[in-house]
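My questions will all concern the structure given below.
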Amino acid sequence: MKKRIGALVAAAAMSASFAVLAQQPAKKPAAKAQAKAAQKAPDATTADFEKFRDVLEEDNPAELFEAKGEELWKAKRGPNNVSLAESCDMGRGVGVLKGAYVQLPRYFADVDAVMDAERRIAHCMVKYQGFKAEDLAKKPFSSGNYTPELVSLTTYVAGHSRKMKIAIPQKHPKEKETYQIGKEIFAYRAGPWDFSCSTCHGEDGKRIRTQNLPNLSTPEGAIRAFQGWPGYRMTGGVMHTLQWRMNDCFRQQRFPEPNYVSPSITALLSYMGVNANGQVYKGPGIKR
Amino acid sequence: MADPMKIRAQMKGDSAEIRVLMSHPMETGQRKDNAGNVVPAHFIQSITVDVGGKRVIQGQTGPAISRNPVFGFKVKGAKAGDKVVINWVDNKGDKRTDEATIS
């Protein structure tokens, strides 16, 4: 990872000084320290990682993808030459984005189904702009210098929910049902390794190498996972969304990978999102 | 056409703190794609920064800089309302100029 050498050096220097301070309570972000204390006393490594993330968040290339997403959202495109801004309802009215991302997945009466953000955007692109669903699903995830339009669009939509409380509705029977399905998929053990999502994400204090794995069945864990997506991954310098994250979890479990914007992913996102309800979403994030 | 930069310029005490985020692949020319072909080098070669009509930075950059790079610097003697003009040129001759005002 030659990328972002400046930031790495800064973080390395900081970890040296921070290790000495580790015995004292973290001095800068008091609120954050409290929130963490509620979980468990953070060890020095965790504290260092938090510090590292704070430094990185100051200049997040996710903003560049938001800018691209804005262009795509407002432009008249597709065979029907329609813009998403004038046609797409993300749950708060046509073209209204403020606070939409923190209330998704939700029930949409026009399709009689629960949809997450990315699935809804894909739906709008197919229904109003006339794109083909197969084309959107052909290469749906970022790699190298390639960023799918849907990734930029999702980042743009998510950017409108910065610092807002997560409030995913659970009123409609289908919303409740979707949550329950998500809960079941989360616990469903299968595949050559007999894994389920909860094998890694159903207990506190688990990790893969240095990567802490949030326990998604608790509010503290669910917010850690909801937070930071869509996220800019420094490894490779690409922007990723929750669709990619979920897909990659299936791949790592050696499950068959779900279809792009599959209802099963909506169910999982609903389970995770509802568990995170009431907490503040910081906006598109940055990842190691 | 290259994508726009994000420029943040703020007075902090007696100097201006300027941060700029550029959208660029910054290919080193040493990587290979899945087919084994070398990905051609493509990186920003020169950067200039003008504050209030005065050139304050003229820099040369190379392939060791990250994709979508961030640059931050402090400029003494600048004042709120000064115009910041940042320009880059890459090795393929592509270029981009963006402006911001110090707040």
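Buried accessible area for the B:A pair, summed, 1.4 Å probe, in Å² rounded to 100?
Values: alone 6410 and 14720 Å², together 19590 Å².
For chain B against chain A, roughly 1500 Å² becomes buried.
If I compute solvent accessible area with a 1.4 Å probe over the protein chains, what percent of it on chain A is carbon and sulfur? Write out the running numbers ahead of the final one.
Working: 7720 of 13930 Å².
Summing carbon and sulfur atoms, their accessible area is 55 percent of the total for chain A.
By its C-alpha gyration tensor, with a ≥ b ≥ c as the square roots of the eigenvalues, how is the range A:136-206 shaped: rounded for a/c under 1.5, else prolate for a/b larger than b/c, else oblate?
Numbers: a/c = 1.83, a/b = 1.22, b/c = 1.51.
Oblate shape, in that a/c is at least 1.5 and b/c is the bigger or equal ratio.
On to the next question. For chain A, what size does the Cα cloud have along each of its three principal axes, sorted from largest down, in whole Å?
61, 39, 36
What is the average number of partner chain Cβ atoms found within 10 Å of a Cβ in B:62-71? Numbers along the way, then the final one.
On the way: counts 0, 1, 2, 5, 11, 10, 14, 7, 8, 2.
Counting Cβ atoms of other protein chains within 10 Å of each residue's Cβ and averaging gives 6.
Something else now. Residues in the range A:73-112 near a label at residue A:165, defined as backbone nitrogen under 19 Å from the 7 Å Cα→Cβ point?
Under cut-off, by backbone N: A:92, A:98-106.
Near the amide H of residue A:285, under 5 Å away, which other amide H atoms are found, from residues 5 or more places off or on another chain, if H is placed in the peptide plane?
When sequence neighbours closer than 5 places are left aside, the close amide H contacts are A:228, A:229, A:231, A:232.
Right, another one. Among B:40, A:90, A:115, pick out the residue whose Cα is farthest towards the positive end of the charge dipole of the protein assembly as shown, where Lys and Arg carry +1 and Asp and Glu carry -1 on C-beta, about the Cα centre.
B:40
What's the FRET efficiency of residue B:91 with residue B:35 using the Cβ-Cβ distance as r and R₀ = 30 Å, to the nearest 0.05?
Numbers: r = 23 Å, r/R0 = 0.76.
With R0 = 30 Å, the Cβ-Cβ based efficiency is 0.85.
Kirkwood-based Rg over Rh for the range A:95-169 (C-alpha set), two decimals? Mind dumping the intermediate values first?
Details: Rg = 13.1 Å, Rh = 13.3 Å.
Value, to two decimals: 0.98.
Taking the Cα centre of the protein assembly as shown as the origin, how large is its charge dipole in debye, to the nearest 20, when only Lys and Arg (+1) and Asp and Glu (-1) carry charge on their Cβ atoms?
Details: 58 positive and 40 negative charges, 143 e Å.
Once rounded to the nearest 20, the dipole reads 680 debye.
For the residue pair residue A:204 and residue A:98, what label-to-label distance in nm results when each label sits 7 Å from Cα along the Cα-to-beta-carbon direction?
Inter-label distance under the simple model: 3.8 nm.
Compute the normalised compactness of the range A:190-229: alpha-carbon radius of gyration over 2.2 N^0.38 Å, N being the residue count.
Values: Rg = 10.8 Å, N = 40, 2.2 N^0.38 = 8.9 Å.
In units of the globular-protein estimate, the range A:190-229 measures up at 1.21.
Rounded to the nearest 500, what is the 222 nm mean residue ellipticity of the protein assembly as shown from helices alone, with -39500 (n - 2.57) per DSSP H run of 4+ residues and division by all residues?
On the way: 12 runs with 134 residues, N = 391.
The helix contribution divided over the protein assembly as shown gives -10500 deg cm²/dmol.
So, one more: Tell me, rounded to the nearest percent, the portion of alpha carbon pairs in the range B:6-101 spaced more than 23 Å apart.
Roughly 32 percent, once rounded to a whole number.
For the range B:1-53, what are the per-bin percents of Cα-Cα distances with bins 5 Å wide, up to the bin holding the maximum?
In order of increasing distance, the bins hold 5, 13, 18, 18, 14, 12, 8, 6, 5, 2, 1 percent.
Partner chain Cβ atoms within 10 Å, averaged over the residues of B:3-14 - can you pull that number for me? Let's see the in-between values first.
Working: counts 5, 4, 2, 7, 0, 3, 0, 0, 0, 0, 0, 0.
Per residue, the average neighbour count from other chains is 2.
The values are calculated or read from the model by the stated rules, or taken from the named source; none is laboratory data. The shown structure was predicted, so the numbers you read here are calculated from the model rather than taken from an experiment. Don't worry about glycine lacking a Cβ; one is built from the backbone with ideal geometry, like all the others, and counts go over all protein chains shown. Surface accessibility is based on the protein's heavy atoms, side chains included, excluding ligands, DNA and RNA. Shrake-Rupley method; radii C 1.70, N 1.55, O 1.52, S 1.80 Å.
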